[in-house]
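Since the structure comes first, as structure tokens, the remarks are kept for the end.
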Amino acid sequence: MKTATGSRVDKGEAILAAALIVFGRDGFTDGTVDEIARNAGVAKPTVYNRFGDKQALFTAAVKHGSQQANDRVLEVIASLDLTPTDLRKELERLGRALVDCVSHAHGAALMRLQFAERTRFPELLDGIRDSNRARTIDALAGKLAQLSTSGYLRLRDAPRAARQFMSLVTDDALSASGFGGRTLAESELDQPVKDGVDTFLAAFGPRESDLGSR
């Protein structure tokens, strides 16, 4: 029983992962169950037995992939050092890790689907986007607020600062990669993050007098 259960879970995970990549690359219409089954290493009937039809598979794959992607982002945010010896370097590390999350194969596939399939699945994709963004901003705002309380930052509105930080460190890299369509060189990933952190600290960083009193 244990082995059989483990096998079912493994096949289901493989199908969902393959579906997200195929749909992210080819779209809902052109992404085929044959291709998904081949990439997952299962027979085509297995896909239908597990998920019923193509639309149900798409929905399950997007929900599952979004949950995993958001969990990765939240894990990165949770790792932010609240007593950094070098705030700029710590924010650059955080920014680069966030870029890696959204440019991950599954994150990139989800981003492409948000653009390509939103008119077909507006409730599904808008709901997931809004929910994940709210969780991300809430988690990051909490961390930034703690840094502000400790004198590392100057914030009046932590959620607003969190939204701006996310945009500053991820938008340029995402745009340059065609939202996951092109693999960027390390320098192409690093520089936008550094520039974003510079802009963020210019707006929210501590004054020289604050640094002396901390």
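The values are calculated or read from the model by the stated rules, or taken from the named source; none is laboratory data. For clarity, every value in this text was computed on a predicted model and none was experimentally measured. All Cβ positions, glycine included, derive from the backbone under ideal geometry; neighbour counts span all protein chains shown.
Based on this model, can you work out whether Gly180 counts as on the phi > 0 side of the Ramachandran plot and either within 15 Å of the chain's Cα centre (by Cα) or at pLDDT below 70 (or both)?
It is true that Gly180 is on the phi > 0 side of the Ramachandran plot and either within 15 Å of the chain's Cα centre (by Cα) or at pLDDT below 70 (or both).
For the stretch 44-65, give me each residue that is hydrophobic (A, V, I, L, M, F, W, C), buried (at least 16 other Cβ atoms within 10 Å of the Cβ) and closer than 26 Å to Ser131 by Cα.
Answer for the stretch 44-65, where residues must be hydrophobic (A, V, I, L, M, F, W, C), buried (at least 16 other Cβ atoms within 10 Å of the Cβ) and closer than 26 Å to Ser131 by Cα: Phe51, Leu57, Phe58, Ala60, Ala61, Val62.
Per-residue answers, yes or no, for (1) over 20 Å from the mean Cα position of the chain (by Cα); (2) touching a residue at least 40 places away in the same chain (Cβ under 8 Å):
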residue: Glu35; (1), (2): yes, no
residue: Lys44; (1), (2): yes, no
residue: Phe51; (1), (2): yes, no
residue: Ala56; (1), (2): yes, no
residue: His64; (1), (2): no, yes
residue: Ala69; (1), (2): no, yes
residue: Thr83; (1), (2): yes, yes
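Among the residues of the stretch 85-108 satisfying the criterion of being over 19 Å from Gly196 (Cα atoms) and modelled with pLDDT under 95, which is farthest from the chain's Cα centre (by Cα)?
Among residues in the stretch 85-108 that are over 19 Å from Gly196 (Cα atoms) and modelled with pLDDT under 95, the one farthest from the chain's Cα centre (by Cα) is Ala105.
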